[in-house]
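Here, each number is a calculation from the coordinates, and none is a lab measurement. Worth saying up front: this structure is predicted, and the values here are computed from it rather than measured. Ideal geometry is used to build each Cβ from the backbone, glycine not excepted, and the neighbour counts take in all protein chains shown.
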Ligand code: NAD
Ligand code: GLY
């Protein structure tokens, strides 16, 4: 087992990575300082892994909250279900919340932990590749609003993150690919050598070779931990983690939450960001082809939905946390391995990308 530390002063915490970590109760119990524990999960994950987790927690008062599955349930209404359970059982302010699931459960449950009685400790047990390499680390929690993705939320760090690579065995191929989109992101934004490694090893990753999966999870978590430690609340460098996300969030919201997986929308959005970076004179045609080809090899979509117009996208992109005074600001690529900080873009160039990239048939 390997451990990476997220260095945030008195809010520092470990990320435990290994195979079989769900069956290592010590990892979990050393971070529980209360008698009351609530495990939040969903109806897909509960039959697979809930017993594994609660079997080790018999010495505690345990509640479980099983939410419906899907991005469309990443709402304030789901948070209310958690609050109802906690208040009905008179859970106190020192109770511990465990988020067992993918990014949707981690984001909802983490935000519920941030809000319940102004904050209770929580632990992340991410069960998708995407959650293991990205969403469980760094303390971004929140829910969607009908008018914008992740618009309601808080920065709230977990006590620890427990990653068990074994749980990826039950993840379907489409979800695995969605996680690979965020892995490719780390290569693009700051690690050209890692990008080349993914290109050379994509078949192994798709075949779920354990060594390859371990390597991409560790290298991604290390990158994320370094970036979060440098800029926890995204006043600077952390924004580069949003490469492709402004385009992607517009696709997710515009197509209807749940139509595209988050990682799929990020893959398309990253290709659009690469296209715009080329129009800015930063990337070459060959760079863009290399990026699009890798997403394709990872079995991810690379073209925007035909029924989402450029104008509709612009409207949706205007609701983004990176925007300042109503100006759309994007993370673009200066080269493969180097992202820009958020920059205001020329609207006509942005429209060219939205109208032309992936639209010609
Ligand atoms: P998800 O949470 O919806 O999980 C994907 C699907 O896989 C779900 O149906 C889930 O029930 C199922 N599942 C989960 N683990 C499984 C397992 N081990 N075996 C079988 N099925 C399993 O999606 P996701 O891709 O994990 O997360 C996407 C969400 O994460 C989005 O809402 C996105 O906004 C958010 N996100 C947050 C951050 C952050 O920093 N907080 C970063 C990236 C993404
Ligand atoms: N996933 C973006 C971030 O954590 O900042």
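For the range 280-361, what is Rg from Cα atoms divided by 2.2 N^0.38 Å, rounded to two decimals?
Normalised by 2.2 N^0.38 Å, the Cα Rg of the range 280-361 equals 1.16.
Give me the number: length gained by fully extending residue 325 to residue 347, i.e. 0.36 nm times residue separation minus the C-alpha to C-alpha distance, one decimal in nm.
Value of the extension gain: 6.4 nm.
When 317, 17 are ordered from fewest to most other Cβ atoms inside 10 Å of their Cβ, what list results?
With the sparsest Cβ surroundings first, the list reads 17, 317.
Once you sort the root eigenvalues of the Cα gyration tensor of the range 125-237 as a ≥ b ≥ c, which label holds: rounded (a/c under 1.5), prolate (a/b larger than b/c) or oblate (the other case)?
prolate
Note the direction-averaged projected area, equal to a quarter of the hull surface, for the Cα convex hull of the range 124-173, in nm².
Computed as one quarter of the Cα hull surface, the answer is 4.2 nm².
PRE reach from residue 35 (point 7 Å along Cα→Cβ): which of the range 65-85 fall under 20 Å by backbone N?
The answer is 85.
Where does helix 103-115 land angle-wise versus the long Cα axis of the chain, in degrees 0 to 90, nearest 10?
60
What's log10 of I(q)/I(0) for the chain at q = 0.08, 0.10 Å⁻¹, Debye sum over Cα points only, no solvent?
Taken in order of the listed q values, log10 I(q)/I(0) reads -0.37, -0.58.
Between helix 245-255 and the chain, what is the angle of the helix's C-alpha long axis to the longest principal axis, kept within 0 to 90° and rounded to the nearest 10?
80
Take every Cα pair under 8 Å in the range 193-351 that's 6+ residues apart, average their separations, divide by the length, and report that relative contact order as a whole percent.
The value is 24 percent.
When the helix-only estimate is applied to the chain (DSSP H runs of n ≥ 4, each -39,500 (n - 2.57), divided by the residue count), what is the mean residue ellipticity at 222 nm, nearest 500 deg cm²/dmol?
Counting only the DSSP helices, I get -13000 deg cm²/dmol.
What is the order of 294, 299, fewest Cβ neighbours within 10 Å to most?
299, 294
Using the per-residue mean of other Cβ atoms lying within 10 Å as a proxy for protection, in what order, highest first, do the peptides 48-55, 266-273 fall?
Answer by packing, highest mean first, reads 266-273, 48-55.
For the range 1-131, what class follows from the C-alpha gyration tensor (a ≥ b ≥ c being the square roots of its eigenvalues): rounded when a/c is under 1.5, otherwise prolate if a/b is larger than b/c, else oblate?
Rounded shape, in that the Cα axes give a/c under 1.5.
What does the C-alpha gyration tensor say about the overall shape of the range 212-332? Classify as rounded when a/c is under 1.5, otherwise prolate if a/b is larger than b/c, or oblate.
rounded
For residue 61 and residue 315, calculate 0.36 nm times their separation in residues minus their Cα-Cα distance, and state this gained length in nm to one decimal.
The span from residue 61 to residue 315 would gain 86.7 nm if fully extended.
Within 10 Å of each residue's Cβ, count the other Cβ atoms and sort 155, 122 from fewest upward.
Ranking 155, 122 by Cβ neighbours within 10 Å, fewest first, gives 155, 122.
Relative to the first principal axis of the alpha-carbon coordinates of the chain, what is the inclination of helix 285-297, with its axis defined by its Cα atoms, in degrees from 0 to 90 and to the nearest 10?
Helix 285-297 sits at roughly 40 degrees to that axis.
If you take every DSSP beta bridge fully contained in the chain, what fraction is antiparallel? Give it as a percent rounded to 5.
Antiparallel: roughly 40 percent of the beta bridges in the chain.
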